[in-house]
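Read through the structure below, which is laid out as structure tokens, and then see the notes.
The values are calculated or read from the model by the stated rules, or taken from the named source; none is laboratory data. Not measured: the values here are computed from a predicted model. Cβ coordinates were reconstructed from backbone atoms using ideal geometry, including for glycine residues, and neighbour counts include every protein chain displayed.
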Amino acid sequence: MISLIEDLYPICRSIMGPGTRSTLDRIASEIPITREGVASGTQVLDWIVPDEWEVRDAYIAREGSDERLVDFRASNLHVVSHSVAVDAVVDRDELDEHLHSLPDRPDAVPYRTSYYSPTWGFCVSHDQRAALPAGDYHVVIDSTLAPGRLEWGELLIPGEIDREMLITTHICHPSLVNDNLSGIAALVEVGRWLASVNRRYSYRLLFLPGTIGSISWLAQATSIQRIDHGLVITGLGDPSGFTYKRSRRGHRDIDRIAAEVLRHVEGSRVVDFSPYGYDERQFCSPGFDLPVGRLTRGVHGEYPEYHTSADDFDFFSGHQLDTAVDLLVDVVDAVEANRTYRNTSPYGEVQLGRRGLYRSTGGAIDSQAVEMAYLWVLNASDGTTDLCDIAHQSGLRPAVISEAVRRLVEADLLEIA
Amino acid sequence: MISLIEDLYPICRSIMGPGTRSTLDRIASEIPITREGVASGTQVLDWIVPDEWEVRDAYIAREGSDERLVDFRASNLHVVSHSVAVDAVVDRDELDEHLHSLPDRPDAVPYRTSYYSPTWGFCVSHDQRAALPAGDYHVVIDSTLAPGRLEWGELLIPGEIDREMLITTHICHPSLVNDNLSGIAALVEVGRWLASVNRRYSYRLLFLPGTIGSISWLAQATSIQRIDHGLVITGLGDPSGFTYKRSRRGHRDIDRIAAEVLRHVEGSRVVDFSPYGYDERQFCSPGFDLPVGRLTRGVHGEYPEYHTSADDFDFFSGHQLDTAVDLLVDVVDAVEANRTYRNTSPYGEVQLGRRGLYRSTGGAIDSQAVEMAYLWVLNASDGTTDLCDIAHQSGLRPAVISEAVRRLVEADLLEIA
Amino acid sequence: MISLIEDLYPICRSIMGPGTRSTLDRIASEIPITREGVASGTQVLDWIVPDEWEVRDAYIAREGSDERLVDFRASNLHVVSHSVAVDAVVDRDELDEHLHSLPDRPDAVPYRTSYYSPTWGFCVSHDQRAALPAGDYHVVIDSTLAPGRLEWGELLIPGEIDREMLITTHICHPSLVNDNLSGIAALVEVGRWLASVNRRYSYRLLFLPGTIGSISWLAQATSIQRIDHGLVITGLGDPSGFTYKRSRRGHRDIDRIAAEVLRHVEGSRVVDFSPYGYDERQFCSPGFDLPVGRLTRGVHGEYPEYHTSADDFDFFSGHQLDTAVDLLVDVVDAVEANRTYRNTSPYGEVQLGRRGLYRSTGGAIDSQAVEMAYLWVLNASDGTTDLCDIAHQSGLRPAVISEAVRRLVEADLLEIA
């Protein structure tokens, strides 16, 4: 995952354009995504796909000087994404109207976009902005906005049934590591793993430009009715604990599953849905109302590195990303196992001891998780409770419950309801 | 409101009689209430309207002295309300059986009544009671109990629909400022404001003698089935924060609305229904089971000035009363706006930016309440959630939600469900 | 109760055998239980009744010495229950494989059983085990395992209706006072009291060997469909506060009743059902799913004396057992009174004053429980709320509510719904 992130970091991505295209190329070198897309000008739901943006160079210099004070070649964050072309001399006051900086984080360069409102601008550190003296400046943005194509990457990994779990991440951010090269790398890794294991569900992975990408996908998708579970993933490499954001209704299976898995991961939290954030906004719009939650570590806007040049390799940790992938695997495992079971001997307790499923000496308390899991599964399984309910009632990890379920089914003590 | 309170303060009110009648006269000089009533002896639900009480004078003096030790002319609290007439010489022990005082608040004169059990009594400070020496006393209460009429004031302010919100307050207490000249003044002020604005609901205002008044009103009312919301208001000028007491079922619209409005008012609290308190007891009796909550500041019995001479102009604050009226206006506004809406473009997010409803530069977090309110209203409005639900989920003020609703309806993005 | 406990303490009980039989004899000398049972080898639900165990003597001595280092005659806990016979010389290492002790409680002898797996063993203090030197040991267990009969005691105390409350306790533990001579004594005492009072419900008391006893009872019982409420009682004489463990569904009437009664008993707690514990495991297996909760003081495994020689007369308190019986009486009283009532005058408040049910002087706050209970009962009683609901809403003791109910029914203000 680290080498993928290192390769993708320098690319100037946006919602559309050559940077986004080469990002998808690099992903395709890892897992067999297909390339889908829609042309500029296409109406997608309430939106219209904008023109493609290409930026070749950009800088600010003192009029008459060759020295680039602000230079796109040093960081693609310096140019407001989708800036129109400009080559002009402006005075300090006019320049200032086109500068973006963060007074409360004066050393960081912010990330800004203007996809739907034609303008130009530069992002600089507040310290640098404050140090720019009066006088004339030469501002150059060598960019093109022209009809093109919005593209995304899609991978369907079929399982035993055609009901789907959707996992998506956004690919439109430029040189920001946590948001969202971490999400891209995690989804690639999860995809590789999913392809290597037996699965009941089919899994659809989407690498999407944010907002307009998910809207475009939703506008053309024919598989929406097959989505039983979904996750938007992003920001998985920062130092925070995990945050799961519930889907719109708040109690869909994915919400219950994520809560039970995260209950056993220290420092995690589960928060209610809100109509602000990443692409869950679109999947959870009231017309679609899909069971799609969101998994991140830190939450956008709550950590100071968010959408700034400080979201770099120092902020990111490979270990954090690894544990995030492990967690995604746990969630998928629980999605697969979350069925409703029926105890085949429901009157009185089953004598586990004579089946070798329980210790033979009585009298001592032994709360070994797997024996407790047998008891919980057998007691709860009246055909109306699923694995999530049992995990919730027992406080045991979904993985322990599913292991107990497997062994009890093998012993003919349990059947799928 | 202050001049109304000052005019009403000296009047010796009771559940019936000349003081109550002149109180209604003074209210009628402010807003056009009608006068309704029932005669003494009338059966009203489980009760019988008692005789009217008139008290002209009352005092206690040492036998043979002219000096009034306790004098009705100094405070009408000194006589137990509905005391029968007495003109007798009694010794200190017998006198004591007719005295009421507060050992734990020795400087205050309590307020006591005996509407349904013929007796006589005086209320005094505990200090004064303790200082009365042995010996004979001349006790005089010049009062009459005779068939008359129980009266109340009623004002129906019609709106677009005939569904009603009921707002009531009690008028039977004598010289106690907070309980309940504050409630009377607030209801007059709210009535004046209601008459000046456009309203969907019709509003019925009742100025009632406590208990027997609301019972009498309920016994004859033909509009009960039209009541969608109701509030008993009283005690709105004391130093406490607001207390909303839920209606009997606890989750009626008025309960949800009051909770959302009060959530944003520091120091407020919402408490469950109990069958003890003011006239909500009658409206929330199980046969009627009306959606009527109660708004007060401090709660009866929880503040030491309650039902004593210390409930005077020092205890009361005009500023507290003003903010109570503001709060009532907010509650009424939320009652009016609490409808169910439907997003007309429910698939994906609406592009608010091109309609001028959203900022054009992306990338920065900006949780300006009104933009957030657009997102919440549009996401939630699937035809099943009302304004209260949205306020609850979003944590935004009902007034911000209703402003967002107004603008979205104007932009054809929202319709009433 | 103390003399019963003292008589039962020395007996070597097990799930079957002479000790258990003489325990039932002693109980039968107090209350008229019938004796029921099933033969060894009988299939009961998923289990098979094992052979009967008789132990006459057992000890460990150094080879060649007469001195008993571990002696069954000193404490019947020293032999693992249902040990097979042995008379052998073993070296220290082999001996150790048959010893049970508690490293974290080195002075106590544990209680261990092996009903379904033929083996032999001794229980010793960890200190003693550590002090046994290398060398050869003579181990003797003079026991018999042979076909016999599993027995229990049963007492049906008929009431006005044939709907039943089941109260059970286990009788299979040897010399442990709290677990469970306390439960046996409490059930005897409750049985004696139940027989002396008028009852609506019929009560079935069961003195059962643990697990296999309740399973055997369930396998043959014809009264299961008549059980409306049930309690497993055990461990009622230790120093802890009460613990009520909810039945499987968690909100049956017995759960609600126990919670309301215990709410007023300091130091009590109510915990959710779990499929681990005493015979509630069988009654609450998913096929039966009976409304059976469990009342204990301390919880098995949570106090260090549990299942050790330290569960002796020092650990036990007669006062704690007395208050446990009082509590059981309160629970039964609430079970009897927990009906749904209807206010016969539901419109407005009833005028309690003229019926002598309310004080005549108004104006003062007086929250005397019984007057408040009248108000709560009358307000809540719309035919859908039961005594438990009213206790819950009002925060009043079920006993106060039921007294108010009695008086209101007498005054024709309330009727059974």
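Say whether the condition of being assigned to a loop (DSSP other than H, G, I, E, B), surrounded by fewer than 23 Cβ atoms within 10 Å (Cβ to Cβ), more than 14 Å from every other protein chain (Cβ to nearest Cβ) and not hydroxyl-bearing (Ser, Thr, Tyr) is met by at least one residue in the stretch B:268-281. Let's see the steps before the verdict.
Within the stretch B:268-281, the first condition is being assigned to a loop (DSSP other than H, G, I, E, B), and the residues that meet it are B:268, B:272-279.
Now narrow it down to the ones that are surrounded by fewer than 23 Cβ atoms within 10 Å (Cβ to Cβ): B:268, B:272-277.
Subset that is more than 14 Å from every other protein chain (Cβ to nearest Cβ): B:268.
Subset that is not hydroxyl-bearing (Ser, Thr, Tyr): none.
For the stretch B:268-281, residues assigned to a loop (DSSP other than H, G, I, E, B), surrounded by fewer than 23 Cβ atoms within 10 Å (Cβ to Cβ), more than 14 Å from every other protein chain (Cβ to nearest Cβ) and not hydroxyl-bearing (Ser, Thr, Tyr): absent.
Conditions tested, residue by residue: (1) closer than 17 Å to A:ALA334 by Cα; (2) among the hydrophobic types (A, V, I, L, M, F, W, C).
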site: A:GLY191; (1), (2): yes, no
site: A:SER214; (1), (2): no, no
site: A:THR222; (1), (2): no, no
site: A:LEU231; (1), (2): yes, yes
site: A:ARG249; (1), (2): no, no
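Okay, residues lined up against (1) in contact (Cβ under 8 Å) with a residue 40 or more places away in the chain; (2) of a type in the set (Phe, Trp, Tyr); (3) surrounded by 17 or more Cβ atoms within 10 Å (Cβ to Cβ); (4) more than 14 Å from chain B (Cβ to nearest Cβ):
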site	(1), (2), (3), (4)
A:GLY250	no, no, no, no
A:ASP255	no, no, yes, yes
A:VAL292	yes, no, yes, no
A:GLN320	yes, no, yes, yes
A:ALA324	yes, no, yes, yes
A:ALA334	yes, no, yes, yes
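Tell me whether the stretch B:147-158 contains one or more residues that are more than 30 Å from B:ALA219 (Cα to Cα) and among the hydrophobic types (A, V, I, L, M, F, W, C).
Let us first name the residues in the stretch B:147-158 that are more than 30 Å from B:ALA219 (Cα to Cα), namely none.
Looking for residues that are more than 30 Å from B:ALA219 (Cα to Cα) and among the hydrophobic types (A, V, I, L, M, F, W, C), one finds none in the stretch B:147-158, hence no.
Taking the conditions exactly as written (of a type in the set (D, E, K, R), within 26 Å of C:PRO286 (Cβ to Cβ), out of contact with any Ser or Thr (no Cβ under 9 Å at 6 or more places or on another chain) and at pLDDT 95 or above), does C:ARG192 satisfy them or not?
no
Can you find even one residue in the stretch C:105-112 that is outside the structural domain of C:GLN220 (by TED's automatic domain parsing), under 22 Å from the mean Cα position of the chain (by Cα) and not hydroxyl-bearing (Ser, Thr, Tyr)?
Yes: the stretch C:105-112 contains one or more residues that are outside the structural domain of C:GLN220 (by TED's automatic domain parsing), under 22 Å from the mean Cα position of the chain (by Cα) and not hydroxyl-bearing (Ser, Thr, Tyr).
Within the stretch A:127-176, track down each residue that is surrounded by fewer than 24 Cβ atoms within 10 Å (Cβ to Cβ), aliphatic (A, V, I, L, M) and either under 20 Å from A:THR234 (Cα atoms) or under 14 Å from the mean Cα position of the chain (by Cα) (or both).
A:LEU155, A:LEU156
Within the stretch C:203-218, does at least one residue satisfy the condition of being under 19 Å from C:ASP326 (Cβ atoms) and hydroxyl-bearing (Ser, Thr, Tyr)?
Yes: one or more hits.
Can you say whether C:PRO346 is within 14 Å of chain B (Cβ to nearest Cβ) and either of a type in the set (D, E, K, R) or not in a strand (DSSP E or B) (or both), as far as the supplied structure shows?
Answer is yes for this residue.
Within the stretch B:270-283, how many residues are under 21 Å from C:ALA369 (Cβ atoms) and among the hydrophobic types (A, V, I, L, M, F, W, C)?
Result for the stretch B:270-283: 2.
Check whether at least one residue in the stretch B:112-119 is within 14 Å of chain C (Cβ to nearest Cβ), surrounded by fewer than 21 Cβ atoms within 10 Å (Cβ to Cβ) and outside any loop (DSSP other than H, G, I, E, B), and report yes or no.
No, the stretch B:112-119 contains no residue that is within 14 Å of chain C (Cβ to nearest Cβ), surrounded by fewer than 21 Cβ atoms within 10 Å (Cβ to Cβ) and outside any loop (DSSP other than H, G, I, E, B).
Being aromatic (Phe, Trp, Tyr) and either in contact with a helix residue (DSSP H, G or I) (Cβ under 6 Å, 6 or more places away or on another chain) or at pLDDT 95 or above (or both) is the requirement here; does C:TYR115 meet it?
No: the conditions fail for C:TYR115.
Counting only residues that are surrounded by fewer than 19 Cβ atoms within 10 Å (Cβ to Cβ) and not hydrophobic (A, V, I, L, M, F, W, C), which one in the stretch A:294-318 is nearest to the other protein chains (Cβ to nearest Cβ)?
Filtering the stretch A:294-318 for residues that are surrounded by fewer than 19 Cβ atoms within 10 Å (Cβ to Cβ) and not hydrophobic (A, V, I, L, M, F, W, C), the one nearest to the other protein chains (Cβ to nearest Cβ) comes out as A:GLY301.
Can you name every residue in the stretch C:1-43 that is among the acidic types (Asp, Glu) and touching a Leu at 6+ places or on another chain (Cβ under 8 Å)?
The one that is among the acidic types (Asp, Glu) and touching a Leu at 6+ places or on another chain (Cβ under 8 Å): C:GLU30.
In this structure, does A:SER402 turn out to be over 30 Å from A:ARG192 (Cα atoms) and of a type in the set (S, T, N, Q)?
Taking the combined requirement at face value, the residue does not satisfy it.
Just to be sure, is C:VAL265 of a type in the set (Val, Ile, Thr) and more than 14 Å from chain A (Cβ to nearest Cβ)?
yes
For C:ARG204, which of the numbered conditions (1) of a type outside the set (Asp, Glu); (2) closer than 13 Å to C:LEU156 by Cβ; (3) over 16 Å from the mean Cα position of the chain (by Cα) fails to hold?
All conditions pass for C:ARG204, except number (3).
Consider C:ASP412 carefully, then state whether it is modelled with pLDDT of 95 or more, of a type outside the set (Val, Ile, Thr) and either under 36 Å from the mean Cα position of the chain (by Cα) or assigned to a strand (DSSP E or B) (or both).
For C:ASP412, the condition - modelled with pLDDT of 95 or more, of a type outside the set (Val, Ile, Thr) and either under 36 Å from the mean Cα position of the chain (by Cα) or assigned to a strand (DSSP E or B) (or both) - is not met.
Somewhere in the stretch A:354-376, is a residue modelled with pLDDT of 95 or more, farther than 30 Å from A:ALA195 by Cα and not in a helix (DSSP H, G or I)?
No, the conditions are met nowhere in the stretch A:354-376.
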